[in-house]
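Undergrad: Here it is: the structure, laid out below.
The values are calculated or read from the model by the stated rules, or taken from the named source; none is laboratory data. The structure displayed is predicted, hence computed values, not measured ones. Methodologically, a virtual Cβ is constructed for each residue, glycine included, from the backbone with ideal geometry; neighbour enumeration extends over all protein chains shown. For accessibility, only protein heavy atoms count, side chains too; no ligands or nucleic acids. Shrake-Rupley method; radii C 1.70, N 1.55, O 1.52, S 1.80 Å.
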Amino acid sequence: MSAEGRFRFVGVRVGRKDGVLKATGRATYAYDVWLPGMLHGRILKSPYAHAEVRVDATEAERMGAVVLTPRDVPDVLFNPRLVSVEEDTFKDWRVLTDHPRYVGEPVAAVAAASEEAAQRALEAVRLEPVRVYRPLLDPFEATRPGSPAIHERVMRGGAWVDVEDNVACTLEYSEGDVDRALSEADVVIERRFHTNRRYHLQPEPKVAVSRPDPDGGVTVWTTTQTVHNTKILISQVFGIPQSKVRVKKVFLGGGFGSSIHTNLVTLVAVALSRKARRPVRMALTREEDMMHDHVSFEMHMRIRAGAKRNGRLSGAEFENVMDIGAHQIQPYPLLGTALGWFVSLYKWGAIRYFGRAVYTNKVPSCALRGYGNPQVTWAVETVVDELAEELEMDPVEFRLKNYVGKGDLFWGQGPTVKSIIRSDGVPELMRRGAELIGWRNRPRPGEQTGRYRRGIGVARGFHTSGAGGPLSGSVIDYSGAFLKVNEDGSVDYVTALQDHGGGTLDAHAKIIAEELCIPLEKVNVVWSDSSTTVYDVCTHASRGVYVGGEAARRAAREVKRKILEYAVRILNVAVGPEALRMRYDEELKDAVIYVEGSDAQTTLSEVARTAWQRNWGSISASVSFRATAAPPSFTAYFVEVEVDTETGRVRPVRVVAGADIGTVINPELAEGQVQGGFVMGWGWAVLEDTPYNPETGALENMGFITDYKVPTAGDIPPIEDFRVIFADTYEPTGPFGAKGIGEAASNPVAAAVANAIYDAIGIRFYELPITPERILRALRERERQGRESAQERGGGLS
Amino acid sequence: MEPRVIRFRLNGEWVRLSVMPNELLINVLREKLHLTGTKYWCGIGECGGCTVLLDGEPVLSCLTLAVDVDGRKVTTIEGLATGEDDLTPLQRAFIEEGAIQCGFCTPGFILTAQALLRENPNPTEEEIREYVRGNLCRCTGYVSIIRAVKRAASEAVKSRRPGPAAGAASG
Ligand code: FES
Ligand code: FES
């Protein structure tokens, strides 16, 4: 619902609160933290894809460096991500290991007075291979009998589990009789898909500064999406009480899921600083970051789906084999969530799911803006497009007929997190989008000739707003907020929640201002640390506004109640606080508290000042909130592309990006999320991948951005042809009707682009990215087939 | 290798310090002078995040030797404004257009755009895209950045003041 007019601050365009800091270069990121007397660390990364090694650091130690070998770190097995409950958490990581399982895995570390000295010491550390194994770079090969075991056994919660055939974990699920449904379907198609393995290329390489404190604890500045989970992990690995681990909140130069887990640099920095008894800075270069501990999940999927002539889906089988790399971060929850993405897109009828996560000797996978959702959506939206075509139905109508929407049961975050959909802008977005792009007049697939061919594609998607639900599932999902009114009536909002730039904390400030009827400038967002904030699980799953924002609103409501109690005393009229009203006064720039139909009134600043001067005590509230739903934010993208059939290059011509995020709290920032989400999705669709060398098992495009191509300002459509539209919806469970946005913004992009390419040249692609090479190869292949069948026909005639 | 003493005008003030002949400008700025607004993304000239102005021209400080700025003028993001009250039109436009998300690319973009507006006070959209092509942004999708540059340009033209680049780049 358009928030304009109904709210004073929510939905209003104002420059972001941290804009001045960022525009003037004064925002401090973890990479910028510089402590007096600190040492610089370097990590010795495994050059082997899989080996057992012996580390000899005598020479480095002789040079005066502080050295850590696998023997010098706590003998603790852990999972760097703590979002799932303990019993669903698989642990197979160590801080340093003498059994590295991917090229880049940390084996040893050194610290010295300068980076150069540390580098020299690092080069003096000798690594002797005791046993080298054949690298396994493909999940199907890895599960073949006789392949080397990447892990013999790992821990689940507190118990050991054996790993068979390199299968990390599995999940199967079914509902209804799929075989019957498919045999009775009028149309059945089956397709296999293989995604790319994308690198986050978050702007800020992973970094940590750790300072040992006199009380035996540590203070840490690092790239993280969650200061509290980082605190807990450090505490668990090093056996320090959580009250002595202070993780500072600093600006984050992009996360996109790469720091939901605590990056290894953080633990290495803590270990080095504890040994050195001095602060240590451990900063990665871009090259190192690329092979450190984060890429997206590479998925091999198979979908077999059927529909009836009447245009209804009747059954589907979904197989999902995930190449998770050498360690588990969150493949186990993803097996459930991937199924959640699948079932929450369409009413398939009967379903059967088979999910399997497989270890390989590659950089470990984690969430990347969408947590498997863009991958699944790409496959589903391709299949759905093809089914519509088989049924000779309009792809838009086919989608509208079968999608999961208002009133339907929704379990986007997997089978343990279910709720009912209450707001749904899909029909509006599909209809308006179709009209704006000129859907009815789009070319027919493959009917064009000539060098440049244009096509229009559509895809829809969604993402949850957080991971809450009525029941406590296997995901931890709650947020804290602490709010206090200062003695002049301004407000400090203390939150652990990280804002990676999406404007989450701006939204919170607006929510607080709205609730307390005070100007936005009077809401100060406090940057502090894990010891002065109330627990927040993490900024992920597009939950910042929906869950964190609701926590802020509840804290504000609590504060408001106390304000009114004090106001009664000041007004000295014979009513209770419930009779008082609050409104914003533009002239006073303050909240006015009044009694309807009387002259009695006071202001918030008066209340705050009086409470102070009369010794009434401070007004504050602390709230911890868990959402009982995770409503979907829907997106529907229409994309027009142009394919150059001589070079294979694809160019976006026009985009209509529709989003249903409930009440739009920050219009310009939400638009920015959609635009940024589209462009990131564009990169995944046509540019980005991290291939490996089959012999050495090392990354081929090690750390070079030109090797790992991402979109530049030259790759986007003209800005007047890039439309963002918002649906007019209101989410009854969200703060002022709001839902999330970050991930929904990019989930359907690759699918829409692939469908547009099909519309332009009549060829479907089942492997991402759809690079110029792949397009040219496919065009040539089609030409060759065309010639051959022409020859055959020719032959038959003679 | 022997250290060398260099002198250059940094954000309007002369500084003098001793550097190694192979020392990079980005490290001198960030580590010795603690001007951390200049950002490190890649260190090899591929992202534009470390852009500074050298005699008004954009250069990549990760590919510039510190000794090469001897006697010259260097402007970093810190040299444009100290806070809310003295923001340049470009900085204001970036904030107001929502062209800043995580902010890691922002200093590089603002300085690059400033050089563009000095060369060409009223660039077309195509010219803006072309000029900032070497600067990566992973968050915004560039739309709001292009809008911000356009807005700053048109405001400067409207107010018939010299382009937004004029004041600070001479600093
Ligand atoms: S850090 Fe200089 S161009 Fe990337
Ligand atoms: S705002 Fe994050 S990289 Fe541009």
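Undergrad: Give me the one-decimal Kirkwood hydrodynamic radius in Å for region B:1-80, with the sum taken over alpha-carbon pairs.
TA: Kirkwood radius, region B:1-80: 12.3 Å.
Undergrad: Please give the average number of partner chain Cβ atoms lying within 10 Å of the Cβ of each residue in B:132-138, rounded to a whole number.
TA: That works out to 6 on average.
Undergrad: Can you work out D for chain B in µm² s⁻¹ from Stokes-Einstein, where Rh is the Kirkwood radius over C-alpha pairs, the temperature is 4 °C and the viscosity is 1.567 mPa s?
TA: The estimated diffusion coefficient comes to 80 µm²/s.
Undergrad: In the full protein assembly as shown, how much of A:SER174 is accessible to a 1.4 Å probe, in Å² to the nearest 10?
TA: Near enough 70 Å² of accessible area.
Undergrad: To test your reading of the geometry: what angle, between 0 and 90 degrees and rounded to tens, separates the Cα axis of helix B:106-119 from the longest principal axis of chain B?
TA: Once rounded, the angle reads 70 degrees.
Undergrad: To continue, here is another question. Estimate the FRET efficiency between A:THR170 and A:ARG782 by the formula 1/(1 + (r/R0)^6), using the beta-carbon distance for r and 56 Å for R0, to the nearest 0.05.
TA: The value I calculate is 0.90.
Undergrad: If the only charges are +1 at each Lys and Arg Cβ and -1 at each Asp and Glu Cβ, what is the size of the charge dipole of the protein assembly as shown around the Cα centre, to the nearest 20 debye?
TA: Computed charge dipole of the protein assembly as shown: roughly 940 debye.
Undergrad: Take the Cα radius of gyration of the protein assembly as shown and divide it by 2.2 N^0.38 Å, with N its residue count; two decimals is plenty.
TA: In units of the 2.2 N^0.38 Å rule of thumb, it is 0.95.
Undergrad: Quick one: pull the percent of accessible area on region A:536-656 belonging to carbon and sulfur, 1.4 Å probe, ligands and nucleic acids left out.
TA: Of all accessible area on region A:536-656, carbon and sulfur atoms account for 43 percent.
Undergrad: Another one. Kindly tabulate the residues in region A:240-261 with an accessible-area decrease of at least 20 Å² between the chain alone and the assembly of all protein chains, using a probe of 1.4 Å.
TA: When all protein chains are present, A:PHE256 each give up 20 Å² or more of accessible surface.
Undergrad: Quick one: dipole size for region A:135-257, taken about the Cα centre, charges +1 on Lys/Arg Cβ and -1 on Asp/Glu Cβ, in debye to the nearest 20.
TA: My answer is approximately 1160 debye.
Undergrad: Something else: Among DSSP bridges having both ends in region A:611-761, what percentage is antiparallel? Round to the nearest 5.
TA: If I count the DSSP bridges inside region A:611-761, around 70 percent turn out antiparallel.
Undergrad: Per-residue mean of other chain beta-carbon atoms within 10 angstrom of the beta-carbon, peptide A:199-207?
TA: That average works out to 4.
Undergrad: To the nearest Å, what is the center-to-center distance of region A:367-430 and region A:246-313, using C-alpha atoms only?
TA: Measuring centre to centre over Cα atoms gives 27 Å.
Undergrad: Please give, to one decimal in nm, the separation of the simple spin-label points placed at A:LYS347 and B:SER154, each 7 Å out from Cα toward the Cβ.
TA: That separation, rounded to one decimal, is 4.7 nm.
Undergrad: Once Lys and Arg get +1 and Asp and Glu get -1 on their Cβ, which of A:SER528, A:GLY503, A:THR222 lies farthest toward the positive end of the dipole of the protein assembly as shown?
TA: A:SER528
Undergrad: Tell me, which residues of region A:23-69 get at least 40 Å² less accessible area when the other protein chains come in, versus the chain alone (1.4 Å probe)?
TA: So the qualifying set is A:ALA23, A:THR24, A:GLY25, A:ARG26, A:TYR29, A:TYR31, A:ASP32, A:TRP34.
Undergrad: Would you be so kind as to identify which of A:LEU391, A:ALA608, A:MET702 lies farthest towards the positive end of the dipole of chain A, taking Lys and Arg as +1 and Asp and Glu as -1 on Cβ and the Cα centre as origin?
TA: Going by the charge dipole, the pick is A:ALA608.
Undergrad: Whenever you get a sec, line up B:ASP68, A:ASP660 from highest to lowest accessible area (probe 1.4 Å, protein heavy atoms).
TA: Listed by decreasing accessible area, they come as B:ASP68, A:ASP660.
Undergrad: Next question, about the same structure. Could you tell me the ratio Rg/Rh of region A:478-625? Both radii from Cα atoms, Rh via Kirkwood.
TA: Answer for region A:478-625: 1.00.
Undergrad: A further question on this structure: With a 1.4 Å probe, how much accessible area is buried between chains A and B, both sides summed, in Å² to the nearest hundred?
TA: For chain A against chain B, roughly 4200 Å² becomes buried.
Undergrad: What Kirkwood hydrodynamic radius do you get for region B:84-160 when you take the inverse of the mean 1/r over all pairs of distinct Cα atoms, in Å?
TA: About 12.2 Å for region B:84-160.
Undergrad: Quick check on my link table: of A:LYS22/A:LYS231; A:LYS22/B:LYS32; A:LYS17/A:LYS362; B:LYS32/B:LYS150; A:LYS45/A:LYS91, which ones sit more than 32 Å apart, alpha carbon to alpha carbon?
TA: A:LYS17/A:LYS362; B:LYS32/B:LYS150
Undergrad: Here is a follow-up. In a shell of Cβ-Cβ distance under 12 Å around A:VAL358, excluding A:VAL358 itself, what net charge do Lys and Arg (+1) and Asp and Glu (-1) give?
TA: -3
Undergrad: Please state the charge dipole magnitude for region B:4-79, taken about the Cα centre, from unit charges on C-beta atoms (+1 on K and R, -1 on D and E), reported in debye and rounded to the nearest 20.
TA: Its charge dipole is roughly 220 debye.
Undergrad: Evaluate the distance, in nm, between pseudo-label points positioned 7 Å from the Cα of A:VAL573 and of A:ARG440 along their respective Cα→Cβ axes.
TA: Inter-label distance under the simple model: 5.9 nm.
Undergrad: Quote the FRET efficiency, to the nearest 0.05, computed for A:ASN524 versus A:ASP213 with a Förster distance R0 of 30 Å and r equal to the Cβ-Cβ distance.
TA: 0.65
Undergrad: Could you tell me which residue out of A:PRO735, A:ALA316, A:GLY306 lies farthest along the dipole of chain A toward its positive end? Charges go on the beta carbon: Lys and Arg +1, Asp and Glu -1, centred on the Cα centre.
TA: A:PRO735
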